[in-house]
Every structure is written in structure tokens, then in C-alpha cells.
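Read through the structure below, which is laid out as C-alpha cells, and then see the notes.
Please treat every number below as a calculation from the coordinates, not as lab data. Only a predicted model underlies this, so the values are computations on that prediction, with no experimental measurement involved. Neighbour counts run over all protein chains shown; Cβ positions are idealised from the backbone, glycine included.
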Amino acid sequence: MRILFADDEASLQELMRIELPRLGHEATVCPDGRTALAALDRTAFDCVIVDLDMPGVGGLDVISRVRETCPDTEAVIVTGKSSLESAVTAVRQGVFDYLTKPCKLADIQAVLERVRKKRELTARLKALEGRVRRAEGATQLVGGSAALERVKRVIDRVAASDATVLIRGETGTGKELVARAIHEGSPRAARPLVAVNCGALPEHLVESELFGHRKGAFTGADEHRAGLFEVADGGTIFLDEIGELPRSLQPRLLRVLESGEIRRVGDSHPITVDVRVVCATHRSLEEMVAAGAFREDLLFRINTFEITIPPLRERLDDLPSLVRHFVHKARPQAPPEAEVADTAVFAALAAHHWPGNVRELANVVEHALVLCDALPLTVEHLPARLGADRVRVPPAIAQPVPQPAPSPKAVSLRELEMQAIRDGLERNRGNKARTAEELGISLKTLYNKLHQLQDSTAERSA
């Protein structure tokens, strides 16, 4: 790494001038703070190590310049015991660590190794985010239904702020996509977005994963490790399934939200981080509060702003856009104007309840594309659970004497809808409420459809 060392003790200057290159680093050694400021104006450094108590321009002045000109540079303070309290205060303000005099070379080497690992991890994370962003393109909420447009407008409003956001919605509705849209629309877009599924972390490792740990803090902690809050410093952390966070760790999260301070497992001093927190849940946190499984004060703190994503059955107008999006994502070579599915497919999709929401639709389209050699998709390609059998045309029965093939009769979307309603009522023995729920439509819509069916029947009878 490229390191700037500033201290007014000549012996320490000479030691660092010799030992830092021996450890594999490029060293710039300065005798005072003023010289260090001049070096910062000429060169960008990976890490600066400065004495807190230098005459004239002190260590905090140097670090202040670092924060202004190169916020990615890590800062380490060297201090005497008399200024230990000031060093701890500096660490709380974002300084990476501090060393007390007399410094041992092994202590400096250990701190620099931790700095190196943190910078390496941050660089890898940025590279990974870049690859994901290039592969996925800009975050896109697909659809133009009134329900989705309301969500988009709310995202635009909240993204520009730094407010904590709670995203509610059923499984598969796209809560992480909304979190990503909030991050990309915010002033933090150039910094990391770290997504954490709280329900997927082993309970005994949640604290270490979120807040980090020091070497030897517990069995298996063989090295210092930065937590995900540190990795997300300057950016956004997305806590998915926040309701799964263990009750014992909820006070720790509340403290981070209130003070911006985290404490690594086994560490004696806190670290200040600048992180925006976005949470998501498919569970009722209010019911969890009533059951004693979730802290009420934490609920109040995380839902400064709330966004509820409608389930797919309430935004069926978005089905054509979503199907087209998934088809072209899987088959980018398909012409943009190509017909992706016939009307019978959309009728079958509209009649489904979609318990798995958009995620289930993506899997259905993937299933259909495996069976489909050439677009458009037909009902023959859909999974049987979508009721494709009810609208599938049976194969022609072979005749002893070849006959001219009859012209196929066109089936309108309205006729398919009415058939789906008849089948639903038959399955549910005339129970209209249950049929409406199964079809993913409101009871009022079902009654309107039935009236249309009665009117059509009356016209044919007349």
C-alpha cells in the first residue's frame, strides 16, 4: 500500500523509513503535520498514520484534510497515553484505529494488515457490484399499472432523503428490487449497497456478520473481520426479512440506528459508520410486537418511511409487460417487436392466483421457454397448475379416410375468461367469494363478469 507516516519523533521517522518498505509498502515519511498536508496535495494514499500531538498542524488537522480530499483513505492515529481519550473520540468519528506510544513494529504491521484486508474486501465488493450492474442494467420496476406507478412515485420521493425505509410485501413481490431502486436514486448510489437476508444467517454468527469481530473474540475467530455495516459505510445496507433478526440483537441494531456506532464482537471501543438502513419484511411486525418477538421501539425506528408493494394478483395489468421482460431477458436475441405469447397464455396467467407473485411468474416463463422452440409461447408450454389443460386444444383424431383439416375456430380472450369463471364456480360449488379469490380478482369484478355472461346468454337466446 501507499502509506503516509507523520510524526515529530526523529527515531520513529527513521524506523518507518526503513521498515515500511521492508514490509512491502511504499512510504512517505513526514516530520510534521504541515509537510504531511503538502504530501496529501501531491499524492493519494491508501493509509495515513499520524501522530495526534504534533506542534502546529496536529494529527486531526491532517485527517480532516484526508476526509476532504480522499475519503476512501484509511486513517490511523498514534498517541501518548495522556491523549488516549482524544484518540478514542477520533475513532468514534471514523478513524480506522489508534496506536499508543511506544509503538511496536508488530502492532503497526497488524493494523496495516487489517487496513489492507478491508480495502481488498471493499474493492472486491465494488467490482462485484459493477459486474452485477452491467449484467442486469439499471434497476427497472416493470409495469405500468396504477398500483405500481404509486410505488414508483413513493420511491422517487424517499430516495433523495436519508430516511430509514421499511418495505412491506408478500414473498416474491420484489422487495430487494425496490431497495435497490431507492439506493440507486439516492446520493449514496456510488457507494456500496449491501444486502443481508437476516433469516439466512446462522443465529450464532449474526452478530459477527453484521458488526464484525476481533481476533480471538470467540472460537474460530482467527483474524480481525469487518462486519457488513463497515463494508456498507457511506452506502446502504438492506436488511431483508428483518422480522427474523434474533431478539437479543435488536437492541444492537436500535443503537446503530440512533447513534451510528457499531462495536465489533470482542472490541472495547465503538466505530462510527455512515450507513442508510432499508429493511423489508413479509411478516406483520405489529403481531410480532404483540407476541413479544419484536421490539416496539425498533419498529418505530425502522419505519420512518413505509412502502407496501402490491401482490401480483392486484396488478394483473402488468402481466404482458412482465412476461415480455422475462422472455427478452432469457432470449435477448428475440426481436423487440416479436409476439412473446398468445392470448390464451395471458388468459391462463390472469386466472392464476400467484401466491409466489413476480418470482413465481419468472419461474413460469422460464419453464415455458424450456419447452418453446420458437416464440410465441402457447398454453402447451405452461405448467399444468396454471390450468393450461382447460384451454389446451386436443390433438386431432386420425380418420380412416383423410379429410381436409378444418379451419381452427378463433377463441377470444373474453370467452377464455368466462370459461375460467365457469370452471372456478364449478370447482367451488358456486361459492363466488372463494372463486374470486382463486382467480385473483375482486368479488365485485366477478359479479360484473357474471352479469356480462348473463347478458351475452340472453342475447343469444333472443
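Key figures
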read-out	value
For segment 222-272, convex hull of alpha carbons as volume per residue, Å³	108
Relative contact order, percent, segment 314-391 [alpha-carbon distance under 8 Å, six or more residues apart]	35
Cα centre as origin, Lys/Arg/Asp/Glu Cβ charges: segment 165-284 dipole, Debye	200
Segment 281-338 shape via C-alpha gyration tensor axes, a/c threshold 1.5	prolate
Cα lying deepest toward the dipole's positive end in the chain, options A420, P383, A10, charges on Cβ	A420
Percent of alpha-carbon pairs separated by more than 19 Å within segment 144-231	54
For the chain, calculated [θ]222 nm from helices alone, where every DSSP H run of n ≥ 4 adds -39500 (n - 2.57)	-14000 deg cm²/dmol
For the chain: relative contact order, % (alpha-carbon pairs under 8 angstrom, 6 or more apart)	12
Spacing of the two label points (7 Å from each Cα toward its C-beta) at A221 and D156, in nm	4.7
Within the chain: Cβ-based charge dipole about Cα centre, in debye rounded to nearest 20 (Lys, Arg +1; Asp, Glu -1)	900
Segment 143-310: Rg to Rh, with Rh as the Kirkwood radius over Cα pairs	0.98
Subset of K175/K215; K152/K329; K126/K215; K126/K175; K118/K329 violating a 32 Å alpha-carbon distance limit	K175/K215; K118/K329
Alpha-carbon centroid distance for the pair segment 267-288 / segment 13-34, whole angstrom	41
Cα convex hull volume per residue for segment 18-93 (Å³)	101
Debye, to nearest 20: dipole size of segment 314-391, +1 on Lys, Arg Cβ, -1 on Asp, Glu Cβ	200
P(r) tail fraction, the chain - alpha-carbon pairs more than 44 Å apart, %	35
D_trans [Stokes-Einstein, Kirkwood Rh over alpha-carbon pairs] for segment 314-391, 37 °C, 0.692 mPa s, µm² s⁻¹	264
For the chain, with +1 on Lys and Arg beta carbons and -1 on Asp and Glu, the positive-most of I242, L349, A362 along the dipole	L349
Cα convex hull of segment 243-304 - mean projected area over all directions, nm²	4.6
Mean Cβ count within 10 Å, highest first, over the residues of peptides 347-354, 370-377, 280-287	347-354, 280-287, 370-377
For the chain, share of DSSP beta bridges that run antiparallel, in % to the nearest 5	10
